[in-house]
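Notes for the one structure printed next.
The values are calculated or read from the model by the stated rules, or taken from the named source; none is laboratory data. Every value quoted in this text rests on a predicted model; they were computed, and no experiment measured them. As a convention, Cβ positions derive from the backbone with ideal geometry for all residues, glycine included, and neighbour counts pool all protein chains shown.
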Amino acid sequence: MSARQYSPFDRFLIEFELGLRTVFGRVSSARPNPAGDYSEPTLSKEEQKHSTGFLRVDHTGEVCAQALYRGQMLVARSSKTYDMLQAACEEELDHLAWTHERLDELKGHRSYLNPYWYTHSFLIGVLAGLAGDRWSLGFVEETEKQVSRHLTDHLERLPQADLKSQKIAAQMREDEERHGHHANAAGGAHLPFMVKKLMALQSKVMTSLAYYF
């Protein structure tokens, strides 16, 4: 039975359970961790602090990604759009698992604000989806562009010795860019300038808070 064929109440329960697992649980990755073959680097206290902060931001970004995709899938109008969103969402689970694993290795914690960011992002995903599939796909494309830029910034600022975190961020960036290209090829609409600016502002707030909390 397809998830889209469940009753509204059943779908609410499914989404609620998935949200709890994303925010508080631990997910498994389908693909091997790209940093799995690298040994733990020797980092100074300041370097470990930076790596932990960056990985916490990346993990929170993946919490948001799960919520956005789930919200968009909930109201997607065509099965083609739904299937594309679902495929990307499942691949993003790898990122969620990898960043959580790396945070544990760095003895860091997940963001305390993740429950808020998940709920907030899920609602934004629903709104984007309700605007129509073309706008929803355009939202995916722009989101992935901004995430790719953010990961590029992290790759430049991560400690040089922390190859494990770098390998994870590099693979995530490659995946995000591909998701954005797929959304564009599927007919995603170009978002208005102000919408892009608001998305960037929200991203700035999230990354600034998640680095510390």
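Overview of results
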read-out	value
Count - residues of the stretch 101-113 that are out of contact with any Asp or Glu (no Cβ under 8 Å at 6 or more places or on another chain), in a helix (DSSP H, G or I) and surrounded by fewer than 22 Cβ atoms within 10 Å (Cβ to Cβ)	3
Residue count, the stretch 3-24 (criterion: in a loop (DSSP other than H, G, I, E, B) and exposed (fewer than 12 other Cβ atoms within 10 Å of the Cβ))	1
Condition met for GLU156 (within 17 Å of the chain's Cα centre (by Cα) and either more than 21 Å from ASP94 (Cβ to Cβ) or not in a loop (DSSP other than H, G, I, E, B) (or both))	no
Complete set of residues in the stretch 148-182 that are among the β-branched types (Val, Ile, Thr) and either at pLDDT below 95 or over 15 Å from THR207 (Cβ atoms) (or both)	ILE168
Which numbered condition GLN66 misses (of (1) of a type outside the set (Asp, Glu); (2) in contact (Cβ under 8 Å) with a residue 60 or more places away in the chain; (3) in contact with a Ser or Thr (Cβ under 8 Å, 6 or more places away or on another chain))	(2)
Any hit, the stretch 144-164, residues being surrounded by fewer than 21 Cβ atoms within 10 Å (Cβ to Cβ), among the basic types (Lys, Arg) and without any contact (Cβ under 8 Å) to a residue 24 or more places away in the chain	yes
Total residues in the stretch 46-100, condition over 9 Å from the mean Cα position of the chain (by Cα), of a type in the set (Gly, Ala, Ser) and within 24 Å of TYR112 (Cβ to Cβ)	4
Filter pass, TYR118 being in contact with a helix residue (DSSP H, G or I) (Cβ under 6 Å, 6 or more places away or on another chain) and of a type in the set (Ser, Thr, Tyr)	yes
Filtered residue count, the stretch 25-53, keeping only those that are among the β-branched types (Val, Ile, Thr) and assigned to a helix (DSSP H, G or I)	1
Which listed residue is of a type in the set (Lys, Arg) and at pLDDT 90 or above, from ARG70, ARG11, ARG4	ARG70
